[in-house]
1. Within the set of pairs 6+ apart or on separate chains, which have a first residue in segment B:197-210 that is more than 10 Å from chain A (Cβ to nearest Cβ) and over 22 Å from A:Gln161 (Cα atoms), a second that is of a type outside the set (Gly, Ala, Ser) and assigned to a helix (DSSP H, G or I), and C-beta atoms under 7 Å apart?
2. Output the number of residues of segment B:11-28 satisfying the condition of being in contact with a helix residue (DSSP H, G or I) (Cβ under 7 Å, 6 or more places away or on another chain) and crowded, with 20+ Cβ neighbours inside 10 Å.
3. Any idea how many residues of segment A:153-167 are surrounded by 14 or more Cβ atoms within 10 Å (Cβ to Cβ), over 17 Å from the mean Cα position of the chain (by Cα) and either at the interface with chain B (Cβ under 10 Å from one of its Cβ atoms) or free of Cβ contacts under 8 Å to residues at least 60 places away in the same chain (or both)?
4. Of the residues A:Leu147, A:Leu139, only one is of a type in the set (A, V, I, L, M, F, W, C), farther than 26 Å from B:Ala185 by Cα, out of contact with any Leu (no Cβ under 9 Å at 6 or more places or on another chain) and in a helix (DSSP H, G or I); which?
5. Which one of A:Gly380, A:Gly318, A:Gly370 is on the phi > 0 side of the Ramachandran plot and at pLDDT 85 or above?
6. Kindly provide the set of residues from segment B:169-190 that are within 11 Å of chain A (Cβ to nearest Cβ), outside any strand (DSSP E or B) and surrounded by fewer than 23 Cβ atoms within 10 Å (Cβ to Cβ), ordered by number.
7. Consider B:Leu22 carefully, then state whether it is assigned to a helix (DSSP H, G or I) and either hydrophobic (A, V, I, L, M, F, W, C) or within 14 Å of chain A (Cβ to nearest Cβ) (or both).
8. Return the residue satisfying two criteria in turn: it lies in segment A:191-230 and is among the basic types (Lys, Arg) and outside any loop (DSSP other than H, G, I, E, B), and of such residues it is nearest to the chain's Cα centre (by Cα).
Amino acid sequence: MAKDRSLLPIPAGMRDFLPGEAQLRRVLENKWAQLYTSWSYEEVMTPTVEYLDVLTIDTGEEMAGRLFQFFDRKGHIMVLRPEMTTPIARLMASRLYKDTLPQRLFYGANVFRYDEPQAGRQREIFQSGVELIGASSPLADAEVIALAVEALRQSGLEEFQISIGQIEVFNGIMDELPLSPEDKSKIRDLVAKKDFVSLEEFLQNHHLNLEQAELLLRLPTFHGGKEALEEASILAVNEKARQGLENLHQVYSALCLYGVEEYVAFDLGVLRGFDYYTGIVFEGYTVGLGFPICGGGRYDRLLSQVGYDCPATGFAIGLDRVLLALSRNQQPKTHTKPDVLLGGDDLVEIFAKAARLRARGFRVEVDVLGRQEEALKAYGRERGIADIIYFALSPREDADDVKKEA
Amino acid sequence: MRNLLTIALPKGKLYGDAVDILAEAGLCVDGLKEDSRKMVFTNEKAGLKYIICRPTDIPTFVEYGAADLGIVGKDTIVEQDKDLMELVDLRFGYCRFVVALPEVTAHGRDISQFNHRRVATKFPNVAENYFRQRGMQVEVIKLHGNIELAPAVGLADMIVDIVSTGRTLRENQLVAIEDIFSATARMVANRVSYRLKHSRIQPLIEEVRRNVKDKEVRS
């Protein structure tokens with residue numbers, strides 16, 4: 001008897017991929033794996049479950065309260081990985097530390113976050129990304145951004161944009177503000193929450209009618225192409241900010257040489273993961289989706305926290321979000337039909353035929369229910385299979401017309 | 001799609017001021033002020049679409065990107081904690097979040113003397129955060145309206161609610177003993193729209209900000 005379907009739930013924020021959906025995902029994953037490989041990135045895989053204290057070396061407060069964690073039988077606290085950059089940093093520091101730099105690595109993996117499942121946030125997320133470890137040059141940042149553009153382009157998305165910021169410009173301006181570390185951390189919170197009204201109030205309440213405070217509020221308005229970057233030169237309040245801007249210039253020049261400038265825009269208001277990123281930061285957006293489809297940037301401190309001091313940059317694309325954006329312009333995919341259906345009682349012939357057709361790339365279904373000829377044809381028609389071949393042990397004289405070559 | 005700007009407007013108290021602020025900023029608001037039950041107004045020539053919805057739904061529309069911009073009270077924003085860009089304080093729709101008690105019990109007492117009490121509110125997150133920060137333990141009871149009824153019938157000992165003039169409190173023999181914070185209407189943006197439609201949104205924001213400032217100077 002059929003079970004009550006409401007008794008077969010899956011946890012909130014998780015999903016099934018049905019035939020068709022899983023295929024779309026697989027096609028995209030393969031495309032990206034091929035692309036990364038052609039840029040000389042090598043695939044790595046790490047365990048889904050790791051120790052809490054190893055995986056939270058760097059993530060700071062951003063991940064606090066958002067981890068799936070549990071005890072193993074010895075009482076260690078375990079977590080489901082919330083992202084892939086830290087596991088790869090661990091891998092570099094513990095397994096690949098003798099290898100020649102730079103290392104180019106890529107992954108396709110599921111990660112887990114205990115978020116409220118809404119507005120693009122799921123609890124199991126499929127990420128595809130790369131890490132370029134051991135290079136601090138602007139060319140390295142440009143390479144991963146150009147690669148992200150190429151990955152999004154190959155996914156079939158028509159309209160998307162990568163917005164590039166520089167966290168050191170923000171940090172440089174912050175250095176000039178005469179505020180306590182607590183107040184500065186409050187400012188970072190407000191910027192991270194994108195609450196510019198409270199930020200303005202806060203700066204006014206601290207009597208910061210300084211030019212620098214004004215610059216902080218105007219950060220998100222520096223937006224656009226090369227001309228925006230020229231305008232942003234007024235943000236060079238000290239050496240740190242100046243170098244940040246110079247770095248943006250260099251990365252942009254390289255991106256122009258890659259020929260991807262139509263997909264990138266500067267946006268000094270793109271500020272993510274203050275505890276984590278140390279230079280270029282970027283996010284990818286597409287029209288019609290209210291949340292980013294990819295993100296990345298330079299993280300030169302993380303590896304030193306796992307005892308392997310070395311600069312790095314990378315990105316992760318949210319595969320589900322790209323699929324969601326694509327599904328807006330595509331028909332939903334369902335089951336894929338076989339090209340040929342084989343049945344009958346001459347198994348020797350059936351298996352030989354199936355092997356030949358499969359080797360030529362056809363999708364072949366072999367009947368396993370012992371259907372008679374009429375039943376086989378009826379079933380094949382119902383599924384919409386074009387070619388149905390019945391092999392009888394002792395062929396009747398008129399059976400030839402049934403045997404159609406695929 | 002990139003040429004169409006969608007703005008979510010709150011039905012009710014804030015509606016009139018919200019439409020005015022957009023009109024002053026030079027947007028076409030034809031038809032918005034007429035008494036109608038339409039929920040979506042599209043003006044293709046001007047590249048504008050308005051969604052008129054419940055104030056508490058505005059953060060959701062904007063967070064998902066169904067609307068690029070929205071006008072909504074800070075009280076709603078704080079309660080929902082959605083991922084939005086908060087861009088301009090529009091300075092209208094002023095109200096205060098308060099803790100209020102029946103006059104008879106409040107008499108001369110400090111809030112910290114009311115531990116382990118029941119608190120009725122439409123804003124459970126605001127209430128819980130407030131009491132947690134003060135190290136107080138309370139039982140928060142979520143209601144959907146007429147909060148002032150709860151103490152009168154013994155459902156709760158106190159309430160957390162927004163007040164603008166304080167009349168409702170007085171009429172129900174309640175007295176505000178603590179201010180939590182005050183709130184006004186805000187202009188919010190979806191974080192992706194803000195970047196993809198920056199060339200339309202940024203000038204609008206600056207115009208609105210200028211107008212708000214001018215009004216403040218004049219008044």
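1. What qualifies is B:Val208/B:Ile21.
2. Summing the residues that are in contact with a helix residue (DSSP H, G or I) (Cβ under 7 Å, 6 or more places away or on another chain) and crowded, with 20+ Cβ neighbours inside 10 Å in segment B:11-28 gives 2.
3. 0
4. On the way: A:Leu147 fails: out of contact with any Leu (no Cβ under 9 Å at 6 or more places or on another chain).
Going through A:Leu147, A:Leu139 in turn, the sole match is A:Leu139.
5. On the way: A:Gly380 fails: on the phi > 0 side of the Ramachandran plot; A:Gly318 fails: on the phi > 0 side of the Ramachandran plot.
Exactly one residue qualifies, and that residue is A:Gly370.
6. Passing the criteria: only B:Thr184.
7. Details: assigned to a helix (DSSP H, G or I): yes; either hydrophobic (A, V, I, L, M, F, W, C) or within 14 Å of chain A (Cβ to nearest Cβ) (or both): yes.
Yes: the conditions hold for B:Leu22.
8. Here is the first cut: in segment A:191-230, the residues among the basic types (Lys, Arg) are A:193-194, A:218, A:226.
Next, only the ones that are outside any loop (DSSP other than H, G, I, E, B) stay: A:218, A:226.
Values: A:Arg218: 30, A:Lys226: 27 Å.
Across segment A:191-230, the extreme among qualifying residues is A:Lys226.
The values are calculated or read from the model by the stated rules, or taken from the named source; none is laboratory data. It should be emphasised that the depicted structure is a prediction, and the values quoted were computed from it without experimental measurement. Positions of Cβ are backbone-derived with ideal geometry, glycine not excepted, and every protein chain shown enters the neighbour counts.
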